[in-house]
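S.K.: Structure in structure tokens, see below.
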């Protein structure tokens with residue numbers, strides 16, 4: 001059985017991406033990154049690869065990684081994992097869900113793997 005304490009203040013040093021300017025002035029890169037992040041949020045319970053994320057935008061995985069990192073400072077996969085861990089943190093802190101159920105909720109089939117990722121982040 002997996003048991004570990006969740007800190008009272010389970011906060012990640014991770015902030016939402018904010019674009020300056022109006023939508024009309026956003027660059028193509030900004031729009032691609034924003035759309036990718038929106039897709040990540042809709043699919044937090046899935047296991048997405050960078051290739052799948054890129055295919056949804058009709059671009060290559062290497063180009064997505066390049067522009068994503070230039071806009072956010074993180075790789076797409078790091079960003080996706082951080083989003084998942086934010087949700088996990090909220091679920092663990094605000095509910096009585098078991099760790100295995102939290103893991104399943106955010107797309108991790110293996111609760112042990114989830115706990116290792118959670119502890120590392």
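Where a number appears in this text, it was derived from the coordinates with a stated rule and is not lab data. Since the model is a prediction, treat every value here as computed from it, not as a measurement. No Cβ is skipped: glycine too gets one built from the backbone with ideal geometry, and neighbour counts run over all protein chains shown.
S.K.: Modelling each spin label as a point 7 Å along the Cα-to-Cβ direction, I'd like the residue 31/residue 61 distance in nm, to one decimal.
M.R.: 2.6
S.K.: In what sequence do 37, 117 fall when counting other Cβ within 10 Å, fewest first?
M.R.: Listing 37, 117 from fewest to most nearby Cβ atoms yields 117, 37.
S.K.: OK, next. What FRET efficiency comes out for residue 77 versus residue 97 if R0 is 25 angstrom and r is the Cβ-Cβ distance? Round to the nearest 0.05.
M.R.: My answer for the efficiency is 0.50.
S.K.: Considering the stretch 27-120, what Rg and Dmax in Å follow from its alpha-carbon atoms?
M.R.: Looking at the stretch 27-120, its Cα Rg and Dmax stand at 14.1, 43 Å.
S.K.: Take 47, 65, 28, 36 and order them by how many other Cβ atoms sit within 10 Å, fewest up front. List each step's numbers first, then the result.
M.R.: Numbers: 47 11, 65 16, 28 8, 36 25.
With the fewest neighbours first, 47, 65, 28, 36 line up as 28, 47, 65, 36.
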